[in-house]
Amino acid sequence: MIKHSPLTSILFLSYDLTQTMRNVTMTSLSSIIKYTDEEDYELIWLDVIEKGYGHLGLNRYYIDEVFEFDKREDRKRIIHLVENDPDPGQYACWNRLAKLAKGEYLCFFQNDVFVTEGWLPKLRYYLDNNMCDAIFPDQQPKKREYVKQSYTYSPNDIKALDGARDAGMLYIKKDVFENIGRWNESLKIHTGEADIYRRVPRALITNQTMLLHIEHGSGYDKRDLMKDKYENDSKVSSL
């Protein structure tokens, strides 16, 4: 297997409390596998199922179903925090995954994000050429004309460095991530992203990679299930 350098560690975190949410996760994982060259990345998935939700059938069968790829076994790791295992919180989970990463680049990947062909090489271009320390794909809805026009830009075109940043994905050099102090585990959900974005010395946004992002779509599922806990719990992600 030819190894491209540097390797990207995709750090994937999910909180699936319903089958609908699990389907979102599996679709997201499928998009990674379908549209990413195997030699370019490793996947580390932390699967968190809270106590009392094991009856939903979110078990190994659903997880293994998407990973029927012979070459993937050496770079696929699935970690379960199931039932009675404590959940340290979203940002602590991501820090835990970063410690396990072998890649020089880290891709923090939310489970309601879907990628398309060429997403990783287009993002990696900016880190490979030291144009920034972190690169964000465009993560907000765009008009069709904007999307078509983005296809005409070269990566170095100033018009290619446009778009809207969100929390769905952070792609960053591992050494920079360590130097800025990693994720702040004391912060509540939805505030840690803004905090770490401020601490990245050089960050860019590009429309050369555009994500499909549900943006809390399945979070409403969880609000209905655990409304009181959802409003007060600062640890558990909305996905």
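Quick rundown of the values:
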| quantity | calculated |
| --- | --- |
| Total formal charge among the other residues, if their Cβ is under 11 angstrom from that of residue 104, Lys/Arg +1 and Asp/Glu -1 | +2 |
| Gained length - residue 198 relative to residue 147, 0.36 nm times residue gap less alpha-carbon distance | 15.6 nm |
| Heavy-atom accessible area order for 116, 152, largest first, 1.4 Å probe | 152, 116 |
| Global form of segment 133-195, assessed from the alpha-carbon gyration tensor, a/c cut-off 1.5 | oblate |
| In nm, spacing of pseudo-spin labels at residue 159 and residue 80 (7 Å Cα→C-beta vector) | 5.1 nm |
| Set 102/159; 159/188; 34/99; 34/143 screened for pairs whose C-alpha atoms are more than 30 Å apart | 102/159; 159/188 |
| Segment 101-173, accessible surface, carbon-and-sulfur percent (1.4 angstrom probe) | 49 percent |
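The values are calculated or read from the model by the stated rules, or taken from the named source; none is laboratory data. Quick caveat: nothing in here was measured; it's all calculated off a predicted structure. All Cβ positions, glycine included, derive from the backbone under ideal geometry; neighbour counts span all protein chains shown. Protein only, heavy atoms only, side chains kept; ligands, DNA and RNA dropped before computing areas. Shrake-Rupley method; radii C 1.70, N 1.55, O 1.52, S 1.80 Å.
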